[in-house]
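Structure, as structure tokens:
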Amino acid sequence: QQNGSGSVLHVPTGFSLTLAGGQTSQKASGRANPTFFYGKVGWQKKLFEVGNSAFSIDYAFNNDRAQNDDEFQTIGIGAVQKIDSWGTDLYAGFRNHQMNRAAVGGIQLDDINVGMVGARVKF
């Protein structure tokens, strides 16, 4: 299995970029080698006195993970507001998952949409 990833933050502007990818070598005869790619773009800035605000969008796809000709992709957006005096991060996000499976008979899979809101308190 070969994987790699990297992230960079441009401090003066608050923009960030993360990229990752990889491939697994399958030993089974006739089995395709699964691959994946992930990319994320973010931006953070102190928009409010309480702490930094951060926003991101990311995209990932996987091919041949569970079986040959599977195609999976996901896209998400997120926001985090830090409240420094409380040691708290408030967050919200939305993600869409799509899976295409070209198996015999053509399994039709519905998209999955996930939304979340929450808080992380550090103590």
Lys pairs in the chain with Cα under 28 Å (8 or more apart in sequence, or on separate chains) total 7
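Given a 1.4 Å probe and heavy atoms of the protein chains only, how would you sort His97, His10, largest accessible area at the top? Mind dumping the intermediate values first?
Numbers: His97 50, His10 95 Å².
From most accessible down to least: His10, His97.
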Counting just the Cα atoms, what span does the chain cover along each of its three principal axes? Round to the nearest Å and put the largest first. 58, 30, 27
Give me Rg/Rg_expected for the range 3-54, where Rg uses Cα atoms only and Rg_expected = 2.2 N^0.38 Å with N residues. 1.80
Take the Cβ-Cβ distance between Asn100 and Gln1 as r, set R0 to 30 Å, and report the resulting FRET efficiency rounded to the nearest 0.05. 0.80
Quick one: among Gln44, Gln108, Gln23, which has the greatest mean-square fluctuation in a GNM of the chain with alpha-carbon springs under 10 angstrom? Gln108
What does the extension gain come out to for Ala119 and Asp84, with contour length at 0.36 nm per residue minus their alpha carbon separation? 11.3 nm
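Find the accessible area per residue for the range 23-71; the probe is 1.4 Å, ligands and nucleic acids are left out, and the unit is Å². Let's see the in-between values first.
Details: 3130 Å² over 49 residues.
Per residue, the range 23-71 has 64 Å² of solvent-accessible surface.
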Within the range 54-69, which residues have the backbone N less than 15 Å from the label spot 7 Å out from Leu9 along Cα→beta-carbon, could you tell me? 54-56
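Given a cut-off of under 8 Å on Cα pairs at least six residues apart, what relative contact order in percent is computed for the chain? Working shown, then result.
Working: 286 pairs, mean separation 19.3, N = 123.
Result for the chain is 16 percent.
Considering only protein heavy atoms and a 1.4 Å probe, what is the carbon-and-sulfur percentage of the accessible area of the range 8-123? Mind dumping the intermediate values first?
Values: 4830 of 7870 Å².
The nonpolar share, carbon plus sulfur, comes to 61 percent.
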Relative to the present Cα-Cα distance, how much length would full extension add between Asn68 and Thr18 at 0.36 nm per residue of separation? 15.2 nm
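The values are calculated or read from the model by the stated rules, or taken from the named source; none is laboratory data. Computed from a predicted structure; not experimentally measured. Quick reminder, even Gly has a Cβ in these numbers, built from the backbone with ideal geometry, and neighbours come from all protein chains shown. Note: areas computed on protein heavy atoms with side chains; ligands, DNA, RNA excluded. Shrake-Rupley method; radii C 1.70, N 1.55, O 1.52, S 1.80 Å.
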